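Encoded as structure tokens, the structure appears first; notes follow it.
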Amino acid sequence: QPDDLKQLPAVNPPGTKRLDVTCDHVTTALQAARQLPGVRDATVFGQSMHLLVDAEMPEARLREAIDAKHIHVIDIRPIAPSLEDVFVALTQQHSNGNNHEDGK
């Protein structure tokens, strides 16, 4: 069941939330978001980006960081993990045990 997979701790680590951020110049915005404390994961998703952030991180801080790059933020909204998020999280979890090329 995909819905069961979305509840897994690897997909939804305790104390985190997922945000969908729609903005201009999404790849540049992604770099800005990745440098913020509290952002655990960031991926481009079409015209927006999906972020996994600490639950207490204010959206305003994210907006400011992207604004600082002179990028217009159109929308920030909370989302449930997508199946792609599930796949990525489970793949990362699986590869953490035996992947030494990653460098993380």
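The values are calculated or read from the model by the stated rules, or taken from the named source; none is laboratory data. Since this is a predicted model, take the numbers as computed values, not measurements. When we count neighbours, we look across all protein chains shown, and the Cβ atoms used for this are built from the backbone with ideal geometry, even at glycine. Note: areas computed on protein heavy atoms with side chains; ligands, DNA, RNA excluded. Shrake-Rupley method; radii C 1.70, N 1.55, O 1.52, S 1.80 Å.
Residues of region 28-54 falling in the label zone of ALA68, defined by backbone nitrogen less than 16 Å from a point 7 Å along Cα to beta-carbon, are 28-40. Directionally averaged projected area (region 1-76, Cα convex hull): 5.0 nm².
Within the assembled protein chains, the solvent-accessible surface assigned to ASP75 is about 60 Å², based on a 1.4 Å probe.
Every pair of different Cα atoms in region 57-98 enters the Kirkwood calculation, which places the hydrodynamic radius at 12.8 Å. How long are the semi-axes of the equivalent ellipsoid of region 1-45, taking √(5λ) for every eigenvalue λ of the Cα gyration tensor, in whole Å from largest down? Over the Cα atoms of region 1-45, the ellipsoid semi-axes are 24, 13, 7 Å. Loop-located GluC sites (Glu not before Pro) across the chain with a Cβ neighbour count of 14 or fewer within 10 Å are GLU56, GLU101, with loop assigned by DSSP. Just the protein heavy atoms count here, and of the accessible area of the chain at 1.4 Å, carbon and sulfur take up 52 percent. Excluding ligands, DNA and RNA, the accessible surface per residue across the chain is 63 Å² with a 1.4 Å probe. Note that region 7-14 has calculated 3J(HN,Hα) couplings of 8, 5, x, 5, 8, 10, x, x Hz, one per residue in order, obtained from phi through the Karplus relation 6.51 cos²θ - 1.76 cosθ + 1.60 (θ = phi - 60°); glycine and proline are x. Couplings 3J(HN,Hα) of region 76-87, computed from phi: 10, 9, x, 9, 7, x, 7, 4, 5, 4, 4, 4 Hz, in residue order, whole Hz [Karplus 6.51 cos²θ - 1.76 cosθ + 1.60, θ = phi - 60°; x for Gly and Pro].
Residues whose amide H falls under 5 Å from that of SER48, counting only those 5 or more places apart or on a different chain, are absent, with hydrogens built in the peptide plane.
Ranked from largest to smallest solvent-accessible area, with a 1.4 Å probe on the protein heavy atoms, THR16, THR91 come out as THR91, THR16. For ASP41, the residues whose modelled amide H falls within less than 5 Å of its own, excluding neighbours fewer than 5 places apart on the same chain, are LEU52.
Amide H contacts of THR16: ALA55, each under 5 Å away and 5 or more positions distant or on a separate chain (H built 1.01 Å from N in the peptide plane; Pro and chain starts excluded).
Across VAL11, VAL44, the residue with the most accessible area heads the list, and the full order at a 1.4 Å probe is VAL44, VAL11.
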